[in-house]
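Okay, structure first, notes after.
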Amino acid sequence: MADDTEDVELDFAADEQERARRSAVIRHPLASFFHLFFRVVAIVAYLLSDWISENFASCFVLIITLLSFDFWSVKNVTGRLLVGLRWWNQIDDDGKSLWVFEAKKASRDNNIGTEAEARIFWLGLIICPLIWICFFFTSLFSLKIKWLSLVVASISLQAANLYGYLRCKAVGEDGQHADSFTGQHLLQRPDIIFGIL
């Protein structure tokens with residue numbers, strides 16, 4: 001009895017090398033840099049605010065301006081390039097606010113970032129609001145009320161992007177989803193938050 005099956009050599013090493021190359025390469029270095037630049041400089045400016053200027057108003061304007069640049073760049077540029085996610089708000093003809101959350105489907109030839117860029121994106125998006133929350137408690141317990149207003153504004157800007165991108169992640173491969181969402185969906189699916197880390 002002769003065996004007509006042909007031995008096929010599978011090249012698993014090439015697949016592993018491609019996966020390792022994809023996870024290590026940063027295809028969008030400028031986007032990755034600016035994803036972290038504005039938020040890190042805002043945190044450093046907050047920490048060094050006594051040395052930068054004794055005028056609270058100038059420190060407030062500087063930090064809010066940096067975080068506004070961060071909000072815009074993350075929402076409009078780095079989210080699309082690094083992880084293929086975006087969100088926005090639109091007003092329909094009836095004047096009703098409609099939130100739209102979109103996730104780009106992953107394919108080999110699209111321009112979504114690598115695994116390293118996705119880690120940079122999500123870690124920056126999650127860790128920086130946590131740092132601002134620590135600043136909140138520090139300024140609250142030290143009774144620095146004017147600084148507390150700055151920290152609350154900073155948390156608001158950072159949390160809005162985090163919430164928007166978590167919603168986009170919840171949409172996943174479905175493409176585009178629009179609704180007026182209350183947030184219970186994220187609490188029902190903890191894999192969205194913990195699956196990205």
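Bear in mind these aren't lab numbers, they're just calculated from the coordinates by the rules spelled out. None of these values were measured; they are calculated from a predicted model. All Cβ positions, glycine included, derive from the backbone under ideal geometry; neighbour counts span all protein chains shown.
Annotations for the structure displayed:
- When its C-alpha radius of gyration is set against 2.2 N^0.38 Å (N residues), the stretch 28-187 gives a value of 1.14.
- Anchor K104: lysines whose Cα lies under 25 Å away (excluding residues fewer than 8 positions away in-chain): K75, K169
- Stretched out straight at 0.36 nm per residue, the stretch from F69 to N55 would grow longer than its current Cα-Cα span by 2.9 nm.
- Here the 3J(HN,Hα) profile of the stretch 26-32, calculated from phi with Karplus coefficients 6.51, -1.76 and 1.60 at θ = phi - 60°, is 10, 7, 10, x, 5, 5, 5 Hz, Gly and Pro shown as x.
- At most 13 other Cβ within 10 Å, DSSP loop - trypsin sites (Lys or Arg not before Pro), the stretch 68-164: K96, K105, R108
- Each of L130 and V152 was given a label point 7 Å from its Cα along the Cα-to-Cβ line. The distance between the two points is 2.5 nm.
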